[in-house]
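S.K.: There's a structure below that I have some questions on.
The values are calculated or read from the model by the stated rules, or taken from the named source; none is laboratory data. Keep in mind that this is a model prediction, so the values were computed, not measured. Every residue, glycine among them, receives a Cβ derived from its backbone with ideal geometry; neighbour counts consider all protein chains shown.
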Amino acid sequence: MKTSIVVVEDNEFLVQSIKEKLELFADELELIFCASDGNDLLAKLEDNYNVDIILMDIEMPGMDGIEATRVVSENYPQINILMLTVFDDESKIFNAVKAGAKGYLLKDEPPDKIYESIKIIMEGGAPMSPVIAAKSLQLLKDPDRLDIKESNEDFSLTKREVEVLVQLSNGLDYNEISKNLFISPFTVRKHIENIYRKLQVNNKMKAVKKAIRNKII
C-alpha cells in the first residue's frame, strides 16, 4: 500500500518542486492533495482525512504551519507531520516539535532525503536535517539559552472577549456569564463566536487551552 501524502505550501513554485520530488517515488508515495495554508488544510481534511503524512511549511498566510500542526495533532493524531521549511531558527524548531511535528527538514534537501524521512516517520522515527538535529541537541544541552515563546501571534481579542474567556475557563455557562458581566446571553454568545473565530478553534475547551497557552488569560 502506498504512503498517502499531503503538501501544505503557499508558494506554487515550491509546490511544483515538491511534487516533482515525490513523483520520483510514485511506486510508494501517493500525493492526495495540496493546501495553501492551515485553514485550507483543515477544510480539506474534513472531506478526506485518510492521510499518512503531511509535509508542512511554516510561514503561510492565514493559519501558519505551527498552529496548523497543533490543530491537526489534536484532531487527527493518527496523521504524521513532517515540517518542510526554509526556517532553521531554534524557536521555530522547538515550537514545531512541541506542536506535534514528527520531523523537521529544510526545503533544500534532495528527493531521496525526503523519501527516506517519510519512511523513517512511518517506522516511528523522527528525521531531521543535520543542521536541525545539531540545533536540537544544543537546545537539549542548554534549554535556558532560548527564550521560548508559544506564539507571537496577535489574536486581537477585546477586553470584553478576554473577560468572557476568563469566565469560560472557570466553567461557567452562558447564563452565568451573562449575570456576572451584566450582558445578555445573546451578547455572550456573540462574544464566544468571535473568540472562536479569532483563536481559530471550535469549542470551549480548545479556546481556554489556547488562551492559557498564549498567556491571554
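S.K.: Quick check on region 180-188. Is at least one of its residues surrounded by fewer than 15 Cβ atoms within 10 Å (Cβ to Cβ) and either charged (D, E, K, R) or in the same structural domain as ARG70 (by TED's automatic domain parsing) (or both)?
M.R.: The answer is no; no qualifying residue exists.
S.K.: Given (1) touching an Asp or Glu at 6+ places or on another chain (Cβ under 9 Å); (2) in contact (Cβ under 8 Å) with a residue 40 or more places away in the chain; (3) within 26 Å of ALA134 (Cα to Cα); (4) not β-branched (Val, Ile, Thr), identify the lone condition not met by LEU24.
M.R.: (3)
S.K.: Looking only at residues that are under 14 Å from the mean Cα position of the chain (by Cα), assigned to a loop (DSSP other than H, G, I, E, B) and not hydroxyl-bearing (Ser, Thr, Tyr) in region 63-114, which one is surrounded by the most Cβ atoms within 10 Å (Cβ to Cβ)?
M.R.: Per the stated criteria, the residue is ALA101.
S.K.: Name the single residue that is surrounded by the most Cβ atoms within 10 Å (Cβ to Cβ) among those in region 115-144 being assigned to a loop (DSSP other than H, G, I, E, B) and modelled with pLDDT of 90 or more.
M.R.: Out of the qualifying residues, it is PRO127.
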